[in-house]
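Colleague: For reference, the structure I am asking about is given below.
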Amino acid sequence: MPEKPIPEKDPIVTKSLAPHYVVSMVILMATLFWALWDEDFGQRPWKTFQHEWKSRYSAFLKTARTESAESQKEVENSPDYQKLKEDYEAASKDAEPRINELREKLREVGAKILAVQDGPGHFTDRRAYVTAATYDIETTSSPSSKQSKQRDLEAYKAKPSTVEMPDGKAQTFKNFDELEEAYNEFKNERTQLSTELGEMLKPVTEKKELMDSYLTDHMVSLTASQLLNLQNSVESLTPAIRQINVNEHAANLEREDSAQIVDRCESCHLGIREPVNITAAAMSLPGKKPDEYAQAFTSHPSPDLLKIHDPEKFGCSPCHQGNGRATTSVEKAHGTYEHWLWPIFRPENYEAGCQICHSADMVLVSNDVGWVVSEGKDLFRQRGCMGCHRYEGYDKEPEDLLSIGQEIKLLEQEKKDNLKQADDFMAQADKAATNEEANRLNDRAVALKVENSKVDLRIMQLDRTTKSLFQDMKKVGPNLKDVRLKLNKNWIPVWLNKPTDFRPTTKMPNFRLNDEQVKAISAYVWQSGLTDALPKHKPGNAAHGQELFETRGCLACHSIGEGDQIQGGTFAANLTRVGEKANYDYLVRWVHNARERTRPYCPYEKKDIGPEDYQKKGLPFVFDLDHSKCPNDGHELQVQNMTVMPSLRLSETDAEDIASYLITLKKKNPSEYADASFMDDPNLKEEGKRWVRFFGCFGCHEISGLEDEGRIGTELTTEGSKPVERLDFALLTEVAQRGGKEPITDPEDLARLPEGPAKEPWYDHKGFFEHKLAEPNIWDLGKIKPPAEQMRMPNLHLTKEQVRALTTFLLGSQENPLPPSYQYRPLDYRKDIQEGWWVVKKYNCMGCHQLIPGQKTILMGLARYRDAQEQLPPKLLTEGARVDPQWLLGFLKNPALNDKDTNRNGIRTYLQVRMPTFSFSENELGKLVRFFQALSRQPFPYIPEEVPVLTAKETEMARSLFSSTAAPCLKCHATGDPGHDRTATAPNFLQARGRLKPDWMEQWMLDPQAISPGTSMPSGLFKRQNNHWVFSGPTPPSFQGYDKDHTRLLVDYILQLTPEEQRRVAASMGRASARSSSGSRAGSASGQGGHGAGK
Amino acid sequence: MKMKTWMTTLGMPALCGLVLFAGCGGKKEETAEQPAAAPAAAPAPTPIDPATAATVSGTVKFDGPAPAATKIDMSQDPACKGTNTAEAVVASGGHLANVFVYVKDGLGNRTFEIPKEAATLDQSGCKYHPHVMGVMAGQDVKIVNSDPTTHNIHPTPKDNREWNESQPPQSAPLDKNFAREEILLPVKCNQHPWMKMYINVVKNPFYAVTGPDGKFEIKGLPPGEYTLAFVHEKLGEKDEKVILAAKDNKTVDETFKP
């Protein structure tokens, strides 16, 4: 075999692979290092956060410490602190000698004990021997060896012990017993000494504690030493994931109530729970704007919220959303990536998180105002969203009626069954073989009959509830059965075309109707209306009507004026052009009593019952809350208009005056409206009905023939947790995902977007809700559809703020990820508060009354009351503590507190503004009374305390206070004397009994400003002296030696006040001659009191 | 911590940029410095050189028929003696009283010492004296009751805290102050509905109230360009610009119309 010639260029010899290896090795090494880096930092961005935190926070604490040391010095230099310090020093100085003595003695005794106790042949040693020997004796079975062992033990015990005492001397104890006795004595002595030392130290430590707590109480931030502790703990921080297991203790995968939420948010948000206030600015690097670290390190903006929602229990994501487990990037943790369904709530919608657990609350916080989500919840009702969309908790009455109806049916069946069975038993009993058997069967029959009585009573109770529910059922819009009686016919199509053109602030949304739809709908509504005749009224005095309108409180709900001239509330309609649409006679009836119906409605027969039905049964055509049974079948009737508008208890003349004024409010004459006789065309009626049904008008209005229609919209109770794919962005999906051009082009609708035109992708719940609310038919964009397939949701012409509030509310409308126990459904007094707010908001109580400190009522905003605050309705901040609930119940039923003379206020007769009669149902009355009691944390039911009867001397003393020139009570309080009451600004004392709670009265006298801020009643009438409240003004000599509270005396006196006594006192104050002076006062400036001064 | 040390040792000889980067990440903590300290307490008053101080004075006129003063009927309280008239617009001979004049703008960030002496508000004849007064924010207001009847003093401010205290006859004066600037802060007595006055709380000592002759004078102003505001409870506010040189003595008149 010839050898192959070696090629000249043998690759093995000539080519080196080294570069390849080097490159590979470098790549390999690089990969290795990258992997190591990624493991340590790439996958753990939170570590960098923690390093940054460590340096920035400890630097922050260092500065804070210097500042704190300064302010601490200031506090320490204050006289109070110095006094405490002196006390402490004096106490410790006094106690010092004895304490030192005791300590010395204790040391000595301790040494003695040690000496006796330890060492060979000493107490412990010998006791061990004795115990062992005794045990041995006890366990030995033979009596002889027992005896011998006993002898050995005695001998051992008799041996003496020599102990070297601490003072160096040796002491001999004769035997074991003597040694034991000595030992026990020493121990007793030590116990005594320790107790005494404790006693001596106690006052000293107490003083020290007083001193320290004074310091912490008076420091704005933490003390320097507290800050130092914080700093030490920050500096010894090692990077670690910080996590919260929500519901950790119940974390059991099989259990339904396990939340399985793990929040690691605090791995980056390290400052959230720190006890100092950390701002982003304080966490920024010097001279730089706050970076992402600074933003992340701030402390929670509302520590108060964290106090009641302990993060250890609630975690973070249940309120804020986001992916609490994720740690690999900020986007993942915040859940702002496509694979996480519920991204973190944006700051403007933070309060959505509250709704998740607080869905049962109408008002989230009972002592704070300005909650966006509460506003959203209120809007959802006020704007009639619930008319089309079911939402749990809203408008429950129809559902409750249904379930009660079913319950009644079941109970009636039960009754029948019981009756039948009882008959059977009795029949059997009659034929029974023995008397025992017969008695047994008869007893069972009797039991069933008793049972039936209970069922009967239960049914009666349910009937009452039914009645309540009928009363509670309200509609957002007016009753359209009355259109023919109420409206200018030609106005209807104009209104339907675009309600906001006529009344920009109306609740009625714009339905984008075309001409055919407008014609058909108005024709249906017109032709289905009732045609009964209305009683005719004479024209009234419009000027007087205007005065009544402006003073009786109508403006707390209604508004008047247009544009920036608008005055009054947004709760009810703006009446600026009401004269163009309304019929005078109907207006009179409405103003007099808006609840008055033309005909009652029977839900059972599904028809409006007329005089003919009553006539058939020979009954007068009378229906009201006391006559609410259907003449045909005895079922409960709807006897009221389903409006929240109350009765102001005006006389018919007053109602005529107001209506006469209202009818003058117009921009053009009703006759100028174009003729709309097409509304009588019967051919349009069916088509109209179709459109009414299509648009769901009956959601807000009562419409003939459509009383039982269901809601036409989607249920929204858990809309916020719908996966985003199930929200139909239609042809805008791409645009929303990519963040293209804003699809809304209408400038008015564009202005409704809370964040303005979209700049970033908005393919999420927030984007969907905001766009939908701003322009409800936006998802029809680019589609060609026949009218009957177009989107039905009308344009609610909301403001930007309203869209934000509703969006916040909807975002939080979620299936709760937390266990049911986390839902805020309290069962104690807080439940009463929760339920009460729904009623309070339903009737707009807050338009007139302040229920939350700082809350502005509508009336407060009116120019009329700016300088006459004493003419405003009372603030109800402590109402539950103020009045007897039983009294309140009666007052709410009839605020005139009088069955005959009703055209007035019951308590504050001097107020022009009128507390109306709301005709609350039993159900709502109960809720309101319980609400006020609960809000003031008062026990319910209330048992009035006994008022002691005053002696003649006490009465005399109390009278001197009552009529003192230093506290002239009757100057401002009404007395029932018309001349005087013209200038009164406070209620009559004679009404206190049975109404006011004595404890509250006392509190009120002491500091009225703290109960009703801004009240006319001045503070400083009493002062604290020798642990008692005494009158600030001069007191007669009879008070000498009187050591009880003067306030209490006055309260007891007022509660016993008689009309005669009040007259006497008033006369003695030189102001009784009302008859003579009232005439001269009538026309004078002072006669006007405060009101009217602001005109 | 161990992991990092180990990494750093390994990383050093490898000359890998990545490692350097990682190393840097861990070192940041040493470079952080103290955050900016919070601002200190209230600054000391800005000194004004009395040698350059200027004065501005003038007369406020009322262009129109002086409204007749309506008499107030005080028979409601027999202890209210004397006569009393509603003093909403007090004008005589075309001069308007009770106009509050103050430097509204132009003093920049200057701060001023709060006067130690209290401003006195007296109640006598069931009437406030004066009817319009000015104080500096934080300055004490001493409220005296010279009447043989009880009054209650009830300011109803917009931006300050509201209170309402009773003051029996012959009782000690009340010492109060208002922390925040507020023009036309109404004060009333609930027991005598006609009793009403206005306190003007300002941040500088340059203010005056016109007398019955409509005259006012503001002294001690440092040279500068100022906005003078004339405020009347019923007639509203009017502003005037004025430029003051050192030791200037300028006249600024103002006319209100009914």
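The values are calculated or read from the model by the stated rules, or taken from the named source; none is laboratory data. Fair warning: this is a prediction, and the values are worked out from it, not measured in the lab. Methodologically, a virtual Cβ is constructed for each residue, glycine included, from the backbone with ideal geometry; neighbour enumeration extends over all protein chains shown.
Colleague: Kindly list the number of the only condition in (1) surrounded by 17 or more Cβ atoms within 10 Å (Cβ to Cβ); (2) within 14 Å of chain A (Cβ to nearest Cβ); (3) within 15 Å of the chain's Cα centre (by Cα) that fails for B:Phe178.
Modeller: So B:Phe178 meets the others, but not (2).
Colleague: For the range A:492-515, which positions are touching a residue at least 60 places away in the same chain (Cβ under 8 Å), more than 42 Å from the chain's Cα centre (by Cα) and surrounded by fewer than 19 Cβ atoms within 10 Å (Cβ to Cβ)?
Modeller: Once the filter is applied, which keeps residues that are touching a residue at least 60 places away in the same chain (Cβ under 8 Å), more than 42 Å from the chain's Cα centre (by Cα) and surrounded by fewer than 19 Cβ atoms within 10 Å (Cβ to Cβ), the range A:492-515 yields only A:Asn514.
Colleague: When only residues in the range A:968-1001 that are under 39 Å from the mean Cα position of the chain (by Cα) and small (Gly, Ala, Ser) count, which is farthest from the other protein chains (Cβ to nearest Cβ)?
Modeller: Ranking the candidates gives A:Gly994 first.
Colleague: On the given criteria, is B:Lys158 loosely packed, with under 15 Cβ neighbours inside 10 Å, within 14 Å of another protein chain (Cβ to nearest Cβ), farther than 30 Å from A:Leu970 by Cβ and without any contact (Cβ under 8 Å) to a residue 60 or more places away in the chain? Let's see the steps before the verdict.
Modeller: On the way: loosely packed, with under 15 Cβ neighbours inside 10 Å: yes; within 14 Å of another protein chain (Cβ to nearest Cβ): yes; farther than 30 Å from A:Leu970 by Cβ: yes; without any contact (Cβ under 8 Å) to a residue 60 or more places away in the chain: yes.
Taking the combined requirement at face value, the residue satisfies it.
Colleague: Tell me, please, whether a residue that is of a type in the set (D, E, K, R) and part of a loop (DSSP other than H, G, I, E, B) can be found in the range A:513-530. Before the answer, list the steps.
Modeller: Step one: filter the range A:513-530 for residues of a type in the set (D, E, K, R), giving A:515-516, A:519.
Adding the requirement that they be part of a loop (DSSP other than H, G, I, E, B) leaves none.
No, there is no match, as no residue in the range A:513-530 is of a type in the set (D, E, K, R) and part of a loop (DSSP other than H, G, I, E, B).
Colleague: May I ask you to verify whether B:Lys127 is among the basic types (Lys, Arg) and surrounded by 20 or more Cβ atoms within 10 Å (Cβ to Cβ)?
Modeller: Yes: the conditions hold for B:Lys127.
Colleague: Next question. Which condition number in (1) more than 13 Å from the chain's Cα centre (by Cα); (2) outside any loop (DSSP other than H, G, I, E, B) is the one that B:Asp147 fails?
Modeller: Tallying (1) more than 13 Å from the chain's Cα centre (by Cα); (2) outside any loop (DSSP other than H, G, I, E, B), B:Asp147 fails exactly one: (2).
Colleague: Given the condition among the hydrophobic types (A, V, I, L, M, F, W, C), under 25 Å from A:Leu364 (Cα atoms) and at pLDDT below 95, answer yes or no: does some residue in the range A:895-903 qualify?
Modeller: To start, the set of residues in the range A:895-903 that are among the hydrophobic types (A, V, I, L, M, F, W, C) comprises A:896-897.
Narrowing further to those that are under 25 Å from A:Leu364 (Cα atoms): none.
Scanning the range A:895-903, I find no residue that is among the hydrophobic types (A, V, I, L, M, F, W, C), under 25 Å from A:Leu364 (Cα atoms) and at pLDDT below 95, so the answer is no.
Colleague: How many residues are over 16 Å from A:Asn367 (Cα atoms) and more than 9 Å from chain B (Cβ to nearest Cβ) when one looks only at the range A:869-880?
Modeller: Within the range A:869-880, the first condition is being over 16 Å from A:Asn367 (Cα atoms), and the residues that meet it are A:869-874.
Now drop any that are not more than 9 Å from chain B (Cβ to nearest Cβ), which leaves A:871-874.
Qualifying residue count for the region: 4.
Colleague: While we're on this one: A:Val1051: part of a helix (DSSP H, G or I) and either more than 10 Å from chain B (Cβ to nearest Cβ) or over 19 Å from A:Glu879 (Cβ atoms) (or both), yes or no?
Modeller: Working: part of a helix (DSSP H, G or I): yes; either more than 10 Å from chain B (Cβ to nearest Cβ) or over 19 Å from A:Glu879 (Cβ atoms) (or both): yes.
Yes, satisfied.
Colleague: Could you list all residues from the range B:162-174 that are in contact with a Lys or Arg (Cβ under 9 Å, 6 or more places away or on another chain) and more than 8 Å from chain A (Cβ to nearest Cβ)?
Modeller: Looking only at the range B:162-174, we keep the residues that are in contact with a Lys or Arg (Cβ under 9 Å, 6 or more places away or on another chain), and these are B:163, B:165, B:173-174.
Hits for the range B:162-174 are B:Pro173, B:Leu174.
Colleague: For the range B:62-106, which residues satisfy the criterion of being touching a Phe, Trp or Tyr at 6+ places or on another chain (Cβ under 6 Å) and within 14 Å of chain A (Cβ to nearest Cβ)?
Modeller: B:Ile72 - this is the single residue of the range B:62-106 that is touching a Phe, Trp or Tyr at 6+ places or on another chain (Cβ under 6 Å) and within 14 Å of chain A (Cβ to nearest Cβ).
Colleague: For B:Ala245, work out the one condition from (1) loosely packed, with under 14 Cβ neighbours inside 10 Å; (2) closer than 28 Å to B:His95 by Cβ it doesn't fulfil.
Modeller: Exception for B:Ala245: condition (2).
Colleague: In the range A:55-106, which residues are under 16 Å from A:Ser213 (Cβ atoms) and among the aromatic types (Phe, Trp, Tyr)?
Modeller: Scanning the range A:55-106 gives A:Tyr81, A:Tyr88.
Colleague: On to the next question. Look through the range B:183-197, keep the residues that are surrounded by fewer than 23 Cβ atoms within 10 Å (Cβ to Cβ) and under 17 Å from the mean Cα position of the chain (by Cα), and return whichever of them is farthest from the other protein chains (Cβ to nearest Cβ).
Modeller: Residue satisfying both the conditions and the ranking: B:Ile183.
Colleague: On the given criteria, is A:Leu480 closer than 28 Å to A:Lys685 by Cα, buried (at least 20 other Cβ atoms within 10 Å of the Cβ) and in contact with a strand residue (DSSP E or B) (Cβ under 8 Å, 6 or more places away or on another chain)?
Modeller: Details: closer than 28 Å to A:Lys685 by Cα: yes; buried (at least 20 other Cβ atoms within 10 Å of the Cβ): yes; in contact with a strand residue (DSSP E or B) (Cβ under 8 Å, 6 or more places away or on another chain): yes.
In short, yes.
Colleague: Does any residue of the range A:64-83 turn out to be more than 14 Å from chain B (Cβ to nearest Cβ), among the hydrophobic types (A, V, I, L, M, F, W, C), surrounded by fewer than 10 Cβ atoms within 10 Å (Cβ to Cβ) and part of a helix (DSSP H, G or I)? Before you say what the answer is, go through the steps one by one.
Modeller: Quick first cut of the range A:64-83, residues more than 14 Å from chain B (Cβ to nearest Cβ) only: A:72, A:75-83.
In the following step, the residues that additionally are among the hydrophobic types (A, V, I, L, M, F, W, C) were identified as A:75.
Within this subset, residues satisfying the condition of being surrounded by fewer than 10 Cβ atoms within 10 Å (Cβ to Cβ) are none.
No, every residue in the range A:64-83 fails to be more than 14 Å from chain B (Cβ to nearest Cβ), among the hydrophobic types (A, V, I, L, M, F, W, C), surrounded by fewer than 10 Cβ atoms within 10 Å (Cβ to Cβ) and part of a helix (DSSP H, G or I).
Colleague: If only one of B:Ala137, B:Ala91, B:Ala118 is surrounded by 16 or more Cβ atoms within 10 Å (Cβ to Cβ), closer than 29 Å to B:Val242 by Cβ, at pLDDT 90 or above and among the hydrophobic types (A, V, I, L, M, F, W, C), which one is it?
Modeller: B:Ala137
Colleague: Name the single residue that is surrounded by the fewest Cβ atoms within 10 Å (Cβ to Cβ) among those in the range A:330-349 being in a loop (DSSP other than H, G, I, E, B) and without any contact (Cβ under 8 Å) to a residue 60 or more places away in the chain.
Modeller: Looking only at the range A:330-349, we keep the residues that are in a loop (DSSP other than H, G, I, E, B), and these are A:335-346.
Checking which are without any contact (Cβ under 8 Å) to a residue 60 or more places away in the chain leaves us with A:335-340, A:344.
On the way: A:Gly335: 20, A:Thr336: 15, A:Tyr337: 12, A:Glu338: 11, A:His339: 7, A:Trp340: 17, A:Ile344: 21.
By that ranking, first place goes to A:His339.
Colleague: Still on this structure, I have one more. Within the range A:575-588, can you find the residues that are crowded, with 22+ Cβ neighbours inside 10 Å and farther than 22 Å from A:Glu562 by Cβ?
Modeller: A:Val588
Matching residues to (1) surrounded by fewer than 20 Cβ atoms within 10 Å (Cβ to Cβ); (2) in contact with a Gly (Cβ under 7 Å, 6 or more places away or on another chain); (3) more than 10 Å from every other protein chain (Cβ to nearest Cβ); (4) under 19 Å from A:Ala352 (Cα atoms):
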position: A:Gly287; (1), (2), (3), (4): yes, no, no, no
position: A:Glu292; (1), (2), (3), (4): yes, no, yes, no
position: A:Ala296; (1), (2), (3), (4): no, no, yes, no
position: A:Leu306; (1), (2), (3), (4): yes, no, yes, yes
